[in-house]
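Here the structure is laid out as structure tokens; the discussion comes afterwards.
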Amino acid sequence: MSNSVNNGVHMSATTLDPNRVLIFDTTLRDGEQSPGASLTSVEKLEIARQLAVLGVDIIEAGFPAASPDDLEAVRRIAAEVGNPSHGENSHKNIPQIAGLARATKGDIDKCWQAVRHAAKPRIHTFLATSDIHLKYKLLMTREQIIEKVREMVSYAVSLFTSAGMVPNVEFSPEDAGRSDKFFLVEVLKTAIEAGATTLNIPDTVGYCVPEEYGALINFLIEETPGAKGVIFSTHCHNDLGLATANTLAGVRFGARQIEVTINGIGERAGNTALEESVMALQTRQAEYGFTTGVQTAHLARTSQMVSHYTGINVQFNKAIIGANAFAHEAGIHQDGMLKNAQTYEIMRPETVGWTASRLVLGKHSGRHAFKMRLKEMGYPLLDEELDKAFARFKQLADKKKTITDADLEAIVSDELYQPREFYILDDMQVLCGKSGMPTATVRLRDVEGNISTKAAIGAGPIDAVYKAIDEIVNQDCTLLEFAVHAITEGIDALGEVTVRIETHEESPRTFGGHGADLDIIVAAAKAYISALNRMLAAHGSSVQDATAALELRSA
């Protein structure tokens, strides 16, 4: 059983496998609310496709009322990722597609307009219930809250019944973690009576501790009339670093859906990380006794895709998908690993999609061998994409003796996870030294094929390169973050650069960019151009501007 909705029929908590935990991924909604994590519609569509491959049960595709572009992105995800009639999904798991809506008819209408194109649509509506939210944000009484919940959940349900579909409505009492639990019972009872099928209990500000949150879930399931016929869900934030622990506590006490994000991204300190929760349930299956439908071998690739598109780096010591998650430096650890990997590894890196860093190809390797190795790694490329990646591989092989899977990952990621290219780095030259003035000459090619060349002097070589690029692109922005690290060990390692820039608009927006190259200054230039391209795409493009390559690769 892969979803709580099967063939359009809602499955209540009484018919759901009691040992199955549904994975509700909100990377594209709550995750995108991370500062600087702005995604284009095309990027959201590709991440949604990858989440379907990963095997999540529900994808919260966005907040349709937020903007026309967000509504169109959710609509397209619903139609293409959430629909078995679409060619690309004919043999795949079809996730439910959810949209978020405030408890207003306008929001709910826009949400339905977007998600109704899915085979399994869901409306997720919310209203705050804590006294502090009622007093200072909503200016409403408890009685008014209960009436609003009854009215809006009923309205959401009516949209399904009017369309001849079984209702699939989720209700969340925002800031439940700080709400009076007896008032919560009244609110949830009202939502159930109005037709809600999933009740989500958000620890919106990350205030709860595991014992407290688990006890709250247990209390609400035991005390709310009708609770046995719906699914209870968790939604935890990480302000105290307890999001995963709280989520697992909620599951232990009866929650059968968890709301999570890839890499744990989200508001402030982030949300519960999908990879942590899923692997905790899988690795400690004897302790928890629950399963999920996630194909864990796709975790690493999904993590890298989200990281590259959002421009938010994954910390090296991040559980499960960090670069050091399976690294062993201490001598005593290395000795134990050589004798038996289980001495210091509680899971195998291959389980979550990491491959060993080993020689796989050389400069004499052909295109077919290169294509087959990438396919084994989970990258089935189109011919045009393969040509570009193979050319990059040959250039690298001429300069670097040992080519590893990590190098191949960097090459392919650099090709696949780039935004629409308004500008491409055609060539560059940098002069710098201890006594000279760092000077950079940069040549860019625009989308129409025009060539522009500019030179600039900077405080250092990268500063000079960025100033020259600014002369050509002529966009007003500030560099907020610049991060560089080596892909593999050695003096000839590929360098990977991630940058974040901020616009100078009335409501500033941030955009990330990524680049990889043996020459770290070239990688830095690629990353900056990538961020600028993403900014230009956000200002001038819409979901209809999706590239033909994206369409073909997903077919």
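Residues of region 365-395 that are of a type in the set (A, V, I, L, M) and under 21 Å from residue 304 (Cα atoms): 372, 374, 377, 381, 382, 386, 389.
I'd like to know if region 428-440 contains one or more residues that are under 28 Å from residue 43 (Cβ atoms) and either outside the structural domain of residue 41 (by TED's automatic domain parsing) or modelled with pLDDT under 85 (or both). There is at least one residue in region 428-440 that is under 28 Å from residue 43 (Cβ atoms) and either outside the structural domain of residue 41 (by TED's automatic domain parsing) or modelled with pLDDT under 85 (or both). Within region 40-58, identify whether any single residue is more than 16 Å from the chain's Cα centre (by Cα) and not in a helix (DSSP H, G or I), and answer yes or no. No: zero hits. For region 431-458, the set of residues classified as more than 18 Å from residue 530 (Cβ to Cβ), of a type in the set (Gly, Ala, Ser) and part of a strand (DSSP E or B) consists of 455, 456, listed by residue number. Screening residue 510 against (1) surrounded by fewer than 18 Cβ atoms within 10 Å (Cβ to Cβ); (2) of a type in the set (Ser, Thr, Tyr); (3) at pLDDT 80 or above leaves a single unmet condition, (1).
Taken together, the residues in region 513-522 that are crowded, with 23+ Cβ neighbours inside 10 Å and either in a helix (DSSP H, G or I) or among the hydrophobic types (A, V, I, L, M, F, W, C) (or both) amount to 1. Taken over region 123-179, the criterion of being among the polar types (S, T, N, Q) and touching a Ser or Thr at 6+ places or on another chain (Cβ under 9 Å) is satisfied by 125, 129, 130, 168, 172, 179. The residue that is farthest from the chain's Cα centre (by Cα), among those in region 470-507 that are modelled with pLDDT under 85 and aliphatic (A, V, I, L, M), is 491. Quick one: which helices (runs of 4 or more DSSP H) lie wholly within region 273-324 and hold at least 3 residues that are at pLDDT 95 or above and of a type in the set (D, E, K, R)? Answer list for region 273-324: none.
The values are calculated or read from the model by the stated rules, or taken from the named source; none is laboratory data. Everything quoted here is computed from the prediction, not taken from an experiment. Note that we place each Cβ from the backbone using ideal geometry, even for glycine, and neighbour counts take in every protein chain shown.
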